[in-house]
Amino acid sequence: MADVTIIERASDEAIADWLAARLSEALEAGEGPVTITVPGGSTPFPIIEKLLEHDLDFSRLVVWPNDDRIVPEDHEASNTGKLRALFEPAGAEVVTLTIMEAVPHFDLAWLGMGADGHIASLFPNTDPKLDEERRIMRLTPDPLPSEAPFDRISLTLPSLLDSAQIAFVIRGSDKRTVFDHAVSGQSDLPVARLLKGASQPVTCFT
């Protein structure tokens, strides 16, 4: 089970500062690219905007979405399109998820979580496995979220766990309860399965 540090009531700016410090450490540790995976949804983008205000060599940053809706990148529901609009002007590379991509080791896996315990697009109905052979998979959430009724493409649990460290940003008391149950081993939801398989540091901002 993961060793989880919870940082309460963190502002977007504080989370961005923490992320910038982790990226700075990774950039200083070597000369090659620094690779991260980031979540979609509404929560991350204000944090990313704050992160991009930091003085970092973003030209060495490679950004992978945790998941995406299977829509064109110029569609309003596309995570990749929104990430490109933010990161590419700063010089970073944003990867388009396809099942043909070879998933790297991530310096940081930044995740969100739904109230049903899903992470990336690994919803409870998809029965994600720690020993999943695929690194990227296409799937259909059931039920389909009304705000985004699309098939998905997602990194799998082994891909997300192939990371130096994991960070969650979780807003709301309902989600916090779900996360706490996962940390204590009281559920078998996708987030609980990830935490069960995690051996790296996990930081959760609420």
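The values are calculated or read from the model by the stated rules, or taken from the named source; none is laboratory data. Note that this is a predicted model, so its numbers are computed, not measured. All Cβ positions, glycine included, derive from the backbone under ideal geometry; neighbour counts span all protein chains shown. These area figures cover heavy atoms from the full protein model, side chains too; ligands, DNA and RNA do not enter into them. Shrake-Rupley method; radii C 1.70, N 1.55, O 1.52, S 1.80 Å.
Data for the structure
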quantity: Solvent-accessible area, 1.4 Å probe, carbon plus sulfur percent, for the chain; calculated: 48 percent
quantity: Dipole of the chain, positive direction: furthest Cα of Val34, Ile166, Leu130, with charges on the beta-carbon; calculated: Leu130
quantity: Cα-centre dipole for the stretch 4-205 with unit charges at Cβ (Lys and Arg positive, Asp and Glu negative), debye to 20; calculated: 460 debye
quantity: Listed residues Trp110, Trp18 arranged by accessible area, highest first, probe 1.4 Å; calculated: Trp18, Trp110
quantity: Stretchable slack from Glu49 to Ala29, in nm (0.36 nm times residue separation minus alpha-carbon distance); calculated: 4.8 nm
quantity: Part-to-part distance (alpha-carbon centres) for the stretch 1-75 and the stretch 157-206, which is given in Å; calculated: 17 Å
quantity: Solvent-accessible heavy-atom area per residue, rounded to whole Å², over the chain at 1.4 Å; calculated: 46 Å²
quantity: Point-to-point label distance, Glu13-Ser199, nm (Cα→Cβ direction, 7 Å offset); calculated: 4.0 nm
quantity: Over the stretch 48-121, relative contact order from alpha-carbon pairs under 8 Å, at least 6 apart, %; calculated: 32 percent
quantity: Considering only the chain, percent of DSSP beta bridges that pair antiparallel, nearest 5; calculated: 30 percent
quantity: Two-decimal ratio, the chain, of alpha-carbon radius of gyration to 2.2 N^0.38 Å; calculated: 0.95
quantity: FRET efficiency, 1/(1 + (r/R0)^6) with R0 25 Å, evaluated for Glu132 and Thr98 via beta carbons; calculated: 0.90
